[in-house]
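A quick write-up on the structure given underneath.
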Amino acid sequence: MNLLIMGPAGSGKGTMSAQIVKDFDITHVSTGDMFRDAISKQTPVGLEAKSFIDQGKLVPDSVTDRMVKERISQDDCLKGYLLDGYPRNLGQANALDEITKEINRPIDLVINLVVDYEQLVSRITGRRICKECGAIYHIDNNPPKVESVCDICGGELYQRSDDTEEKLAVRYQEYKNLTEPVIDYYREKGLVHDVNASQDAEAVMNDIRIILEAV
Ligand code: ADP
Ligand code: AMP
């Protein structure tokens, strides 16, 4: 099963992805995580991506498409993959069509997480992430047992530098202008399943499970 998970920043893509890949034994591919990893390792991709990410803008397609192609062509994606954060514009959607054709791993369906802007603000500004294992927390909705310490691995929690209200506004505008047309593109193909992601995390996951178990 090859899936896309879509929705604006803070809609819960990373949180739901962690559960989906566990329950359905597929591989999580997050372009945002890949860029952050590349930045911390100061690779050529990381150096190119950094200034765009710092502004809340999209990294150029040439860099992003190549990175995704390499990643989903790997053997661990043969059992199925979940793409999180890609494609984010129509150019990337066209590139993904080409890539999936070439490697013969087509998209089966798209989960679209729907949340209003006010909730995104509180989710993004309260988000904390483990430096070691990437687990996602929220200071109010899903706090760690010990402040700033990951429940799973004991790693230190940090706040992403782009998780400010100001940068969210830019990222949301990018989403509205560039990414919503991608959802329409997949909707026309009959692939999109909308999920009310303003419910609590367990209810959102239950709705996703019902969709995926019907495949
Ligand atoms: P995205 O990957 O779409 O940017 P995340 O999964 O990182 O979103 O979630 C953003 C923040 O919202 C995190 O702090 C997470 O703990 C919290 N969160 C995710 N889903 C829910 C939910 N259904 N209800 C409340 N908070 C949530
Ligand atoms: P995310 O972790 O999905 O919120 O992504 C964080 C940032 O990484 C975004 O604001 C973009 O700057 C960059 N990014 C992630 N995925 C893509 C993509 N598919 N295309 C371009 N930029 C991306």
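Only Cα pairs under 8 Å and 6+ residues apart enter the sum, and on that basis the relative contact order of segment 2-130 stands at 45 percent.
The Cβ shell under 15 Å around Phe24 holds other residues with a net charge of -4, Lys and Arg each +1, Asp and Glu each -1.
Cross-link partners of Lys57 among lysines, defined as those whose alpha carbon lies under 17 angstrom from its own and excluding same-chain residues fewer than eight positions apart: Lys167, Lys176. Summary of packing: across the peptides 2-11, 63-72, the per-residue average of other C-beta atoms within 10 Å ranks them, highest first, as 2-11, 63-72. Diffusion coefficient of the chain by Stokes-Einstein, Kirkwood radius over Cα pairs, 20 °C, 1.002 mPa s: 121 µm²/s. Here's how it looks for Asp151: its modeled amide H is under 5 Å from those of Lys145, which are all 5 or more places away or on a different chain.
For Asp200, what charge total do you get from the other residues with a beta carbon under 13 Å from its beta carbon, if Lys and Arg give +1 and Asp and Glu give -1? So the environment of Asp200 carries a net charge of -2. The charge dipole of segment 4-75, taken about its Cα centre with unit charges on the Cβ of Lys, Arg, Asp and Glu (plus for the first two, minus for the last two), comes to roughly 180 debye. Just how far, in whole angstrom, is segment 14-41 from segment 129-150 if you go by their alpha carbon centroids? If you average the Cα positions of each part, the centres end up 16 Å apart.
Orientation-averaged projection of segment 94-215 equals 9.5 nm² [convex hull of Cα atoms, one quarter of hull surface area].
Mean projected area of the Cα convex hull of segment 1-117, taken over all directions, amounts to 7.3 nm². Take the Cβ atoms of Gln19 and Leu78, set R0 to 22 Å, and the FRET efficiency comes out at 0.55. Remark: the Glu188-Ser122 segment gains 20.6 nm on full extension, using 0.36 nm per residue and subtracting the alpha carbon distance. Annotation: amide H-H contacts under 5 Å for Leu109 (H modelled 1.01 Å from N, sequence separation of 5 or more, or interchain): Asn2, Leu4.
In the structure shown, the pairs Lys13/Lys50; Lys41/Lys131; Lys22/Lys79 are assessed against 18 Å; a Cα-Cα span above that value is assigned to Lys13/Lys50.
For the chain, the carbon plus sulfur part of the accessible surface works out to 49%, probe radius 1.4 Å. The relative contact order of segment 4-65 comes to 16 percent, based on Cα pairs under 8 Å that sit 6 or more residues apart.
Computed from the C-beta positions of Asn94 and Glu48, the FRET efficiency with R₀ = 22 Å rounds to 0.55. I need to check one value: relative contact order of the chain, counting alpha carbon pairs closer than 8 Å and at least 6 residues apart, in percent. With pairs under 8 Å counted, the relative contact order is 28 percent.
The values are calculated or read from the model by the stated rules, or taken from the named source; none is laboratory data. Keep in mind that this is a model prediction, so the values were computed, not measured. Virtual Cβ from ideal backbone geometry, glycine too; neighbours counted across all protein chains shown. Accessible surface is based on the protein model in full, side chains and every heavy atom, while ligands, DNA and RNA are left aside. Shrake-Rupley method; radii C 1.70, N 1.55, O 1.52, S 1.80 Å.
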